[in-house]
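One structure below.
The values are calculated or read from the model by the stated rules, or taken from the named source; none is laboratory data. These numbers were taken from a predicted model, which means no experiment stands behind them. Neighbour counts are summed over all protein chains in view; Cβ atoms, including those assigned to glycine, are modelled from backbone coordinates with ideal geometry.
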């Protein structure tokens with residue numbers, strides 16, 4: 001199983017760009033954790049920081065477990081272009097679905113990311129960003145619904161777009177009225193939001209966004225589970241979406257991203273709703289290879305094998321593209337090999353699961369080519 005996963009070119013169905021400029025030590029450490037950098041507490045002293053020093057240092061020609069100072073010095077010597085090229089190439093990915101909706105730092109474009117990886121790139125449209133661009137452009141409250149829908153339709157018609165995404169978990173949480181809001185409710189909510197300004201965090205407008213995603217007809221990616229300090233974890237439990245998932249049965253695929261610590265709730269939803277799929281993406285590089293197996297085992301307890309996908313959710317640091325892939329390959333390989341050795345799974349079934357989870361499920365859901373042409377120049 002380890003050999004099969006090592007040879008498999010993955011499809012990373014949800015990720016972000018990486019930084020294009022040099023990072024000083026504080027800039028690097030700020031991207032190493034979802035939390036803040038606190039005095040006296042180094043982000044290198046976390047499971048993710050330890051995993052970077054163990055699994056990423058050799059890619060920079062350093063010994064395993066190199067010190068943080070040595071690691072950062074070598075990274076600076078090589079420069080961002082070479083660092084990005086090395087890690088993205090080493091991840092062994094054939095296709096990347098890139099969320100371009102969050103870029104507080106200068107990041108690689110999907111084309112630049114794919115070129116460094118020797119892969120094909122596709123785009124995921126973040127709907128909150130579309131809504132906020134409509135608000136910035138100026139719109140009357142009673143015209144908001146039509147204007148947002150037109151902008152979303154235009155965005156998903158762009159070449160290479162394969163999915164949409166929502167970060168409702170961050171903005172309102174999932175404890176929302178599952179019903180589609182009325183036109184009058186949306187107009188009144190738009191009036192409040194447009195007058196106040198800021199990011200989209202009105203529950204009525206978030207509901208309208210989710211229902212617009214259904215109407216667009218593309219797969220919908222939803223952040224679930226843990227993230228940075230801007231999120232209330234209890235509201236990011238995907239089980240809170242149950243009533244809404246019942247209402248949209250028979251429509252679009254819904255991809256539950258990351259999930260931890262709710263991977264078992266996500267697995268339940270994937271087991272009982274035809275259109276629900278999941279990954280444990282962001283979790284993998286934060287727990288590292290040492291615990292990836294445990295997380296994947298819980299996700300696979302009842303999940304149909306055609307419902308689990310691979311993603312890295314790498315953002316900012318090219319290291320996370322590699323670390324996500326290493327964690328996935330090692331974790332899945334170990335648990336499948338044990339099941340084969342115990343005669344609980346045939347080798348042929350295990351190999352099918354490897355191909356489906358690492359690549360085939362994403363290709364089928366997003367309509368990706370079976371053998372994409374790598375993006376070079």
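Values as computed for the structure displayed
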quantity: Filter result for residue 161 (surrounded by 14 or more Cβ atoms within 10 Å (Cβ to Cβ), touching a strand residue (DSSP E or B) at 6+ places or on another chain (Cβ under 9 Å), within 22 Å of residue 228 (Cβ to Cβ) and assigned by TED's automatic domain parsing to the domain that holds residue 104); calculated: no
quantity: Enumeration of residues in region 181-211 that are out of contact with any strand residue (DSSP E or B) (no Cβ under 9 Å at 6 or more places or on another chain), within 19 Å of residue 249 (Cα to Cα) and touching a residue at least 60 places away in the same chain (Cβ under 8 Å); calculated: 208
quantity: Hits in region 307-351 - residues which are under 21 Å from the mean Cα position of the chain (by Cα) and assigned to a loop (DSSP other than H, G, I, E, B); calculated: 309, 310, 311, 312, 313, 314, 315, 317, 318
quantity: Scan of region 267-277 for residues that are surrounded by 17 or more Cβ atoms within 10 Å (Cβ to Cβ) and either within 15 Å of the chain's Cα centre (by Cα) or not in a loop (DSSP other than H, G, I, E, B) (or both), ordered by number; calculated: 267, 268, 269, 270, 276, 277
quantity: Residue identified as more than 30 Å from residue 163 (Cα to Cα), in contact (Cβ under 8 Å) with a residue 60 or more places away in the chain and either out of contact with any helix residue (DSSP H, G or I) (no Cβ under 7 Å at 6 or more places or on another chain) or buried (at least 17 other Cβ atoms within 10 Å of the Cβ) (or both) among 76, 51; calculated: 51
quantity: Region 111-148, subset over 30 Å from residue 86 (Cα atoms) and touching a strand residue (DSSP E or B) at 6+ places or on another chain (Cβ under 8 Å), residue surrounded by the fewest Cβ atoms within 10 Å (Cβ to Cβ); calculated: 128
quantity: Residue 173 at pLDDT below 95 and either outside any strand (DSSP E or B) or within 30 Å of residue 84 (Cα to Cα) (or both); calculated: no
quantity: Residue 288, sole failed condition from (1) under 19 Å from the mean Cα position of the chain (by Cα); (2) over 15 Å from residue 12 (Cβ atoms); (3) crowded, with 19+ Cβ neighbours inside 10 Å; (4) modelled with pLDDT of 95 or more; calculated: (4)
quantity: The lone exception for residue 181 - which of (1) assigned to a helix (DSSP H, G or I); (2) more than 29 Å from residue 299 (Cβ to Cβ) it fails; calculated: (1)
quantity: Lone qualifier among 24, 94, 99 - being more than 21 Å from residue 287 (Cα to Cα) and surrounded by fewer than 15 Cβ atoms within 10 Å (Cβ to Cβ); calculated: 24
quantity: Residues of region 192-201 satisfying the condition of being crowded, with 19+ Cβ neighbours inside 10 Å and assigned to a loop (DSSP other than H, G, I, E, B); calculated: 200
quantity: Which numbered condition residue 264 misses (of (1) in a helix (DSSP H, G or I); (2) touching a residue at least 60 places away in the same chain (Cβ under 8 Å); (3) under 22 Å from residue 304 (Cβ atoms)); calculated: (2)
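Every residue, every condition in (1) in a helix (DSSP H, G or I); (2) in contact with a helix residue (DSSP H, G or I) (Cβ under 8 Å, 6 or more places away or on another chain), yes or no:
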residue: 165; (1), (2): no, yes
residue: 190; (1), (2): yes, yes
residue: 207; (1), (2): yes, no
residue: 215; (1), (2): yes, yes
residue: 223; (1), (2): no, yes
residue: 227; (1), (2): no, yes
residue: 230; (1), (2): no, yes
residue: 242; (1), (2): yes, yes
